[in-house]
Amino acid sequence: MKVYFIGFGPGDPELLTVKAYKILKQADLIIYPGSLIDERFLEEFNGKKVNSYGMKLEDIVELIESNVKAGKVVARIVSGDPSIFSALNEQIVELEKRGIECEVIPGVSSIFSASAILKTELTIPSVSNAVVILRPAGRTLDKDYLEEFARIPCTLVILLGVDKIEEIAERVGRIRGRDEPVAVVYHASREDEKVIRGTLGDIAEKVKKEGIRRTAVIIIGKVLERKGRRSVLYA
């Protein structure tokens, strides 16, 4: 008895892995987060589709359990990659208590889709040898350690935080300076994607003018300038 947790990627169905695509073609039940993934992206898959937006964890787990035990092929879709801010853990813990095996199929994170659109490596020799992925503090997070990470010469990638872009720019700017490069990528890989480039000094105003309040990736760091020491790979 098994359920498949599938990373759907940033929104472009062509960025699905081959394995994920094959499972979705076979699935009898597809549970998807409607607040992040439009059902039109699932039109070519014939399984019954259930939007999990607004559902309680217990209801989702019960739906998966009943269908798996009935012999159905169940696919639980998460946006991006299941390993990053997907609430994967709490679902798997509850399902495994009920004897349901879980297989996780990785997906393309919006982080990597955004960096591809920007044609930028997140790590560049002599510029940044590390990437920190975080979300700003809020209703479900007491502290985000943004200032602590900003003091490290790394690339900052912030998810679920574009609605707080002004605060983020101010906090990081006090440490790195207002000239630090920033890029905000909205709906990475989708038809309506937008790329906004700027600095910590002006990015908040630019984002505000575009009316972007959610579903965007914020990348902060000098890697956006695409300068740095040559890699030893081709030395």
Accessible area per residue of the stretch 42-107 at 1.4 Å probe, in Å²? 54
Whole-Hz ³J(HN,Hα) from phi, Karplus 6.51 cos²θ - 1.76 cosθ + 1.60, for the stretch 39-53, glycine and proline x: 4, 5, 6, 10, 4, 7, 9, 8, x, 4, 10, 10, 7, 8, 4
Using a 1.4 Å probe, how large is the accessible area of T120, given in Å² and rounded to the nearest 10? 10
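May I ask you to list the trypsin sites (Lys or Arg not before Pro) in the stretch 151-203 that are in a DSSP loop and have at most 16 other Cβ atoms within 10 Å of their Cβ?
Details: sites: R151, K164, R171, R174, R176, R178, R190, K194, R197; in loops: R151, R178, R190.
Within the stretch 151-203, the qualifying trypsin sites (Lys or Arg not before Pro) (loop, at most 16 other Cβ atoms within 10 Å) are R151, R178, R190.
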In the chain, if the dipole is taken from +1 on Lys/Arg beta carbons and -1 on Asp/Glu beta carbons about the Cα centre, which of N129, L16, L118 is farthest to the positive end? N129
Check which residues have an amide H placed less than 5 Å from V50's amide H, if you skip close sequence neighbours. I30, I31, Y32
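On alpha carbon coordinates alone, what is the Rg over Rh value for the stretch 1-119, Rh being the Kirkwood radius?
Working: Rg = 13.6 Å, Rh = 14.3 Å.
Taking Rh as the inverse mean 1/r over Cα pairs, Rg/Rh reads 0.96.
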Can you send over the carbon and sulfur percentage of the accessible area for the stretch 88-150, probe radius 1.4 Å, protein chains only? 51
Proximal lysines to K48, defined as alpha-carbon separation beneath 25 angstrom and excluding residues fewer than eight positions away on the same chain: K2, K19, K22, K25, K56, K69, K72
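Over the chain, what is the percentage of antiparallel beta bridges among all DSSP beta bridges, to the nearest 5?
Values: 17 of 38 bridges.
Percent antiparallel among DSSP bridges in the chain is about 45.
Treating only the Cβ atoms of Lys and Arg (+1) and Asp and Glu (-1) as charged, compute the dipole magnitude of the chain about its Cα centre; round to the nearest 20 debye.
560
Using 0.36 nm times the number of residues separating N129 and K56, minus their current alpha carbon distance, what extension gain do you get?
Working: separation 73, 0.36 × 73 = 26.28 nm, distance 3.98 nm.
Length gained, N129 through K56: 22.3 nm.
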Relative contact order (percent, whole number), the chain, Cα cutoff 8 Å, 6+ residue spacing: 21
Size of electric dipole in the stretch 4-55: Cβ of Lys, Arg +1 and of Asp, Glu -1, about Cα centre, debye, nearest 20: 220
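Quick one: net charge of Y21's neighbours, Cβ under 13 Å, K/R +1, D/E -1? If you can, show how the numbers build up before the last one.
Numbers: positive: K19, K22, K25; negative: D12, E14, E44.
Here the charged neighbours net out to 0.
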Dimensions of the stretch 166-211 along principal axes (Cα, Å, largest first)? 35, 17, 13
Obtain the nm distance between the two label points defined at K209 and E39 by a simple spin-label model: each point lies 7 Å from its Cα along the Cα-to-C-beta direction. 3.8
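Viscosity 1.567 mPa s, temperature 4 °C: what is the translational diffusion coefficient of the stretch 86-164 from Stokes-Einstein with a Kirkwood Rh over Cα pairs, rounded to a whole number of µm²/s?
Details: Rh = 15.4 Å.
It comes out at roughly 84 µm²/s.
If you average over every viewing direction, what projected area does the convex hull of the Cα atoms of the chain give, in nm²? The partial results should precede the final answer.
Details: hull surface 56.5 nm².
Mean projected area of the Cα convex hull: 14.1 nm².
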Take the stretch 37-82, compute every pairwise Cα distance, and split them into 5 Å bins from 0; I just need the percent in each bin. 4, 17, 28, 27, 20, 5
S66 versus E101, label points 7 Å from Cα toward the beta carbon: distance in nm? 2.5
Considering all projection directions equally, how large on average is the shadow of the alpha-carbon convex hull of the stretch 143-190, in square nanometres? 3.8
For K143, give me every one of the lysines with a C-alpha distance below 22 angstrom, ignoring sequence neighbours fewer than eight places off in its own chain. K164
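Report the extension gain between L141 and K19 in nm, rounded to one decimal, defined as 0.36 nm multiplied by the number of residues separating them, less their alpha carbon distance.
Numbers: separation 122, 0.36 × 122 = 43.92 nm, distance 3.37 nm.
That works out to 40.5 nm of additional length.
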Once amide hydrogens are built 1.01 Å from N within the peptide plane, the residues lying 5 or more places from L160 or on another chain with amide H under 5 Å from its amide H are A216
If exposed means no more than 12 neighbouring beta carbons inside 10 Å and the site is in a DSSP loop, what's the longest run of the chain without any exposed GluC sites (Glu not before Pro)? 45-190
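Rounded, prolate or oblate: which fits the stretch 98-235, taking a ≥ b ≥ c as square roots of the Cα gyration tensor eigenvalues, rounded meaning a/c under 1.5, else prolate when a/b beats b/c? The partial results should precede the final answer.
On the way: a/c = 1.37, a/b = 1.10, b/c = 1.25.
Judged from the Cα gyration tensor, the stretch 98-235 comes out rounded (a/c under 1.5).
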Applying the Karplus parametrisation 6.51 cos²θ - 1.76 cosθ + 1.60 with θ = phi - 60° to the phi angles of the stretch 168-185, what ³J(HN,Hα) value in whole Hz is obtained for each residue in order, glycine and proline being reported as x? 4, 4, 5, 5, 6, x, 5, 9, 9, x, 6, 8, 4, x, 9, 9, 10, 10
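The values are calculated or read from the model by the stated rules, or taken from the named source; none is laboratory data. What you are looking at is a predicted structure, and each value in this text was computed from that prediction instead of being measured. Here the Cβ is made from the backbone with ideal geometry for all residues, glycine too, and neighbour counts use every protein chain on show. Side chains are part of the model used for accessible areas, which takes the heavy atoms of the whole protein and leaves out ligands, DNA and RNA. Shrake-Rupley method; radii C 1.70, N 1.55, O 1.52, S 1.80 Å.
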